[in-house]
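Bear in mind that the values in this text are calculations on the coordinates, not laboratory data. Predicted model, so just to flag it, every value in this text is computed and none were measured. Note: ideal-geometry Cβ built from the backbone for every residue, glycine included; neighbour counts use all protein chains shown.
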Amino acid sequence: MDKIFYGFVKLNNQCVLITWLPEQFTGIRRARALVHSRSIALYLNLHYAQLTASDMSDLSEDNIRALLKLDRQTCQRSSSTSYLEERAQRFDTSPIQRRSISQDRRKKAKEFPVKSRHSSISGLAKLEMDKKAPAEKQKEEKEEEEKRQRLEEEEKQRMEEERQRMEEEERQRLEEEERQRIEEENQRIEEEENQRMEEEERQRIEEEERQRMEEEERQRMEEEERQRMEEEERQRMEEEERQRMEEEERQRMEEERQRMEQEERRKIVDREKEERAREVEQEMLQREQEIEKLWKRRFFTMKQKTLSFYKDELSATPLEVLDLDGVTLSNNMDLDFETSVPNSFILETKLNGSYQFAADDKQGLNAILSALQTVVSYQ
């Protein structure tokens, strides 16, 4: 609710001015409302008080009387036809109720004898007018009117001064309250900021501690994993080294066996070659010139069904390539040819005729024939 309410309540012929301010009214709007209420309360200066109500029970008659220091016994005012008495009675009401005020202000407010002074003047004027003649009464009335006007002016001036004084006090009070409120707010904000910073610092320390512990745990696990992998690698290398040594030993023994077998075979071949050499030495010497004219020494390679001939073992380009597709191997040679050229054989082709070959020894012949028989037919 965004409104301010002013109301009068009459209790046993006494008027009470009530000003209602919502809690959301603060600052200059609240100050203006209180100053306006106080300026009206200057006319009702018998008793005044200020209170803050949270519910309707706080606005009970007993609470209001207790704040205004009124008892249950109320005196009836005597009626009078005097204008001053009527005006004094019209303004003789209770002022605005306020939340709190110092004892010094309540004492000063009670010291203004407005009603009693008006009542005394009105009663005295009434007695004098009843005793005097009409002319004198008129004169007295005129003097009374002038006196009344003077009193009213004095009263207005006094009330204006009092209003200004109370406005100044209210302004100072509001300024002090605002200053205290600002200080409290600043202190609250500072405390909240300190608490926030302390909480952030605590969280930062906890986070750093958590990260440190996580990092230590990660490093520990990495170190364990590294050690485990190193141990596995060491065991693997040891196993590989053991297997390698066993394999080398096995190969060494196998090579030694093969070497001994080869040495034995070589010795046998050497003996055979020596025997054969002695048998054909004479024949070879006799026909050496003829053989050199008829035969040419070639080195060859065989890949799948292709036989390539080279001038020597270092040559990269073949001198001739023989396609073995459709070639047949034959050993049906003339007796004279076999007698004169040992370890020989013939390859028959469909298009290029026959090729005659001779190996250096029987072992070479067997090796060549074994290789050829895998790709050519044998007759």
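Descriptive notes on the structure:
- Residues whose placed amide H lies under 5 Å from that of Phe300, excluding near-sequence neighbours: Tyr310
- Placing a pseudo-label 7 Å from each Cα along the Cα-to-Cβ vector at Glu223 and Glu193 gives an inter-label distance of 4.5 nm.
- Phi angles of the stretch 358-371 translate, via the Karplus equation with coefficients 6.51, -1.76, 1.60 and θ = phi - 60°, into HN-Hα couplings of 9, 9, 6, 8, 5, 4, x, 4, 4, 5, 5, 4, 4, 5 Hz per residue; Gly and Pro are given as x.
- Using the Cβ-Cβ distance between Arg271 and Ala367 with R0 = 30 Å, the FRET efficiency computed as 1/(1 + (r/R0)^6) comes to roughly 0.95.
- For the stretch 1-43 versus the stretch 222-272, the gap between their alpha-carbon centres in whole angstrom: 113
- Under 5 Å, built H, 5+ apart or other chain: amide partners of Cys15: Ser94
- FRET efficiency for the pair Met213 and Gln180, taken as 1/(1 + (r/R0)^6) with r the Cβ-Cβ distance and R0 = 45 Å, rounds to 0.40.
- Order of Leu347, Leu319 under a 10 Å beta carbon neighbour criterion, fewest first: Leu319, Leu347
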